[in-house]
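K.L.:
Input: one structure, supplied below.
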Amino acid sequence: MGTNKEKKILLEKHKDIARIDQESNRTHGWYVRVRFYGKTHCKFFSDKKIGGKYSSLLAAISWRDEIEARIGKIRSDKHVVTVSSTSTGVVGVCLNEKMGRYVVSWVDKAGKQGKTSVSIRKHGQENAFKRACKIRKEKEAERLSS
């Protein structure tokens, strides 16, 4: 194998990058899959075509980072959710009609759950929703910052 630096990089986990070694098909390389807002961008980096296991991994990492920058995804090794299952369509922002508020939830850097709410009665429907979305965006940016 190569230098200690090469060994270390090969042994590290790389978000959105998986190793594929299929002897039966003689397929060896790295598979990159970047998901963002319901779209998937993927590409395979062959060891043989690129010049070895280490070179193909570096190419895969470079391509992943380039794709993330192009589509506007924040470069982070943390999990980022971009598709909402709530009726508001915004991840981490839910409407609680019974209580008359938007509930905002997030996870901080330490992995601890946070939650707050914005009153519709106090701010009006539209402004309460905007405030809730702003809070969620700020909390997500805090979590993902280095």
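K.L.:
Inside segment 17-34, can you point out the residues that are surrounded by fewer than 16 Cβ atoms within 10 Å (Cβ to Cβ) and part of a strand (DSSP E or B)? Explain how you work it out, then say what you get.
P.N.:
Initially, segment 17-34 is screened for residues surrounded by fewer than 16 Cβ atoms within 10 Å (Cβ to Cβ), giving 18-27, 31, 33.
Hits for segment 17-34 are 18, 19, 20, 21, 22, 27, 31, 33.
K.L.:
Additional query: When only residues in segment 1-32 that are aliphatic (A, V, I, L, M) and within 26 Å of the chain's Cα centre (by Cα) count, which is nearest to residue 47 (Cα to Cα)? Let's see the steps before the verdict.
P.N.:
Start the filter on segment 1-32 by keeping residues that are aliphatic (A, V, I, L, M), which leaves 1, 9-11, 17-18, 20, 32.
Still in the running and within 26 Å of the chain's Cα centre (by Cα): 9-11, 17-18, 20, 32.
Numbers: 9: 15, 10: 13, 11: 16, 17: 14, 18: 13, 20: 10, 32: 14 Å.
My answer is 20.
K.L.:
For segment 9-16, does any single residue satisfy the condition of being touching a helix residue (DSSP H, G or I) at 6+ places or on another chain (Cβ under 9 Å), in the same structural domain as residue 59 (by TED's automatic domain parsing) and assigned to a strand (DSSP E or B)? Before you say what the answer is, go through the steps one by one.
P.N.:
Filtering segment 9-16 down to residues touching a helix residue (DSSP H, G or I) at 6+ places or on another chain (Cβ under 9 Å) leaves 9-10, 14-16.
Subsequent filtering for residues that are in the same structural domain as residue 59 (by TED's automatic domain parsing) retains 9-10, 14-16.
Imposing the further condition that a residue be assigned to a strand (DSSP E or B) reduces the set to none.
No, every residue in segment 9-16 fails to be touching a helix residue (DSSP H, G or I) at 6+ places or on another chain (Cβ under 9 Å), in the same structural domain as residue 59 (by TED's automatic domain parsing) and assigned to a strand (DSSP E or B).
K.L.:
Scanning segment 103-136 for residues that are hydroxyl-bearing (Ser, Thr, Tyr) and either in the same structural domain as residue 38 (by TED's automatic domain parsing) or under 24 Å from the mean Cα position of the chain (by Cα) (or both), which turns out farthest from residue 36 (Cα to Cα)? So that I can check it myself, show each step before the final result.
P.N.:
So the first thing to find is which residues in segment 103-136 are hydroxyl-bearing (Ser, Thr, Tyr), and the list is 105, 116-117, 119.
Right, trim to either in the same structural domain as residue 38 (by TED's automatic domain parsing) or under 24 Å from the mean Cα position of the chain (by Cα) (or both) and you get 105, 116.
Numbers: 105: 20, 116: 26 Å.
Filtering first and then ranking leaves 116.
The values are calculated or read from the model by the stated rules, or taken from the named source; none is laboratory data. Just so we're clear, the structure is a prediction, and the values are computed from it rather than from any experiment. So basically every Cβ, Gly included, is an ideal-geometry build from the backbone, and we count neighbours across all protein chains shown.
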